[in-house]
1. Step by step: first the residues of segment 235-273, then only those that are small (Gly, Ala, Ser) and in a helix (DSSP H, G or I), then the one that is surrounded by the fewest Cβ atoms within 10 Å (Cβ to Cβ). Which residue is that?
2. Going through segment 310-329 one residue at a time, which ones are over 16 Å from residue 253 (Cα atoms) and out of contact with any helix residue (DSSP H, G or I) (no Cβ under 6 Å at 6 or more places or on another chain)?
3. Among the candidates 95, 62, 22, which residue alone is in contact (Cβ under 8 Å) with a residue 24 or more places away in the chain, in contact with a Phe, Trp or Tyr (Cβ under 7 Å, 6 or more places away or on another chain) and of a type in the set (Phe, Trp, Tyr)?
4. Checking residue 112 against (1) without any contact (Cβ under 8 Å) to a residue 60 or more places away in the chain; (2) surrounded by 21 or more Cβ atoms within 10 Å (Cβ to Cβ); (3) β-branched (Val, Ile, Thr), which single condition isn't satisfied?
5. I need a count of the residues in segment 115-139 that are out of contact with any strand residue (DSSP E or B) (no Cβ under 9 Å at 6 or more places or on another chain), surrounded by 23 or more Cβ atoms within 10 Å (Cβ to Cβ) and either assigned to a loop (DSSP other than H, G, I, E, B) or among the acidic types (Asp, Glu) (or both).
6. Checking residue 212 against (1) touching a helix residue (DSSP H, G or I) at 6+ places or on another chain (Cβ under 9 Å); (2) under 18 Å from residue 9 (Cα atoms), which test does it fail?
7. Can you spot a residue in segment 325-338 that is closer than 19 Å to residue 189 by Cα and not in a helix (DSSP H, G or I)?
8. Could you tell me whether segment 155-174 includes any residue that is part of a helix (DSSP H, G or I) and within 27 Å of residue 198 (Cβ to Cβ)?
Amino acid sequence: AAAVVMDAVNGEIFALASMPAFDPNAFSVGISREYWRSLLSDPRTPLVNKCLSGLYPPGSTFKMVVALAALDAGVVSPDETVYCSGRLRLGNHFFHCWKKHGHGTVAMMRGIVESCDIYFYQLALRLGAERIAAMARLLGLGQSFNMPIAGERAGLVPTPAWKRAVHGKPWTGGETLNLSIGQGYLLATPLQLAVMTARLASGTAVTPSLVGSPPDAAPPLAVAPEHLALIRAAMNDVVNAPRGTAHGARIREPGWAMAGKTGTAQVRRISLAEREAGVRKNEDLPWIERDHALFVGYAPVPAPRYAAAVVVEHGGGGASAAAPLARDILTWAQAIDPARVAKPGLADAVDKRVQDFGARPEASEARMGEYLMRERRRHEPL
């Protein structure tokens, strides 16, 4: 699992957490061959800094990119609707929505809040892959930020030209549909997803930096303010409206609310036969075949200060595995913010929620509680 927390305004990174980790002190006195081999062979890759080097399909966290690209290109109005029956046919293939029987009539706000795949398939057919890719790069994907930490990777924002150059094959319409829901060739690091979130929250081209070395003031994004406002309103409803996919993980503290977007990234192909028989649940699959769980968000909603991205490798659903972690991280960050008056006991309550969450089977790999407890002790007394 990985979590990144950064300043949504100036880009300073507050935390980079990659789990499972290893004890670097063990290397100072030498380690056994057995221990070294165990680190190398562990499928959870403890030697990899997942925040900067881990590459993941962003899943539905990418839908804000597609919506913003569609608004910017003028191919859709916010109130224009499409009908989601649960699947869309393109050529000889059916592309499915996560909701088997569909969402019915959907406009942009509902499409984001309830994460309707069919709505974004339709947008993608109007937009084309190139315009989606251009907006993705504008929001920080597909690039590195020259961080002074080894291993940073640029990810991948695919285009028809890229596929032709790398694979020698033409781009297909189905690949545009997969791109629209954050799947296919598209890959991003947790750091890039945090930058994307900070840019949506601030409306500026903020770039990440280590604390103490903030860059110059970021220029505004070349996006209409009213379009950004609509995306932020949708992200707010994802968490704080009853129909939102992350409503169960909302921050209840008045004035501390977070906005965000859930994502569940598929890592295996689901056959037509399996769809007809019933898609297997994550808990019934081997760990390596389970979906990745993602959540991106910022807080507080009225004046964003913190932007966060959480990825739980093979953790299942973003709403159940990643969003609660982001909630506790962003609550905890606000609880220790020196600009706020921390409420007595709030940080302890957050720590307990993280520990309780870490005990759940679907989150057992995340071990984020260890990280938060360790960081909390650095800030005693609260």
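1. 273
2. Passing the criteria: 313, 317, 318, 319, 320, 322.
3. The unique qualifying residue is 95.
4. (1)
5. 1
6. Among (1) touching a helix residue (DSSP H, G or I) at 6+ places or on another chain (Cβ under 9 Å); (2) under 18 Å from residue 9 (Cα atoms), residue 212 violates only (1).
7. Let us first name the residues in segment 325-338 that are closer than 19 Å to residue 189 by Cα, namely 325-326, 329.
Filter once more, keeping what is not in a helix (DSSP H, G or I): none.
No, segment 325-338 has no match at all.
8. yes
The values are calculated or read from the model by the stated rules, or taken from the named source; none is laboratory data. In this text, all values refer to a predicted model and were calculated from it rather than measured experimentally. Heads up, the Cβs are rebuilt from the backbone with ideal geometry, glycines too, and the neighbour counts pull from every protein chain shown.
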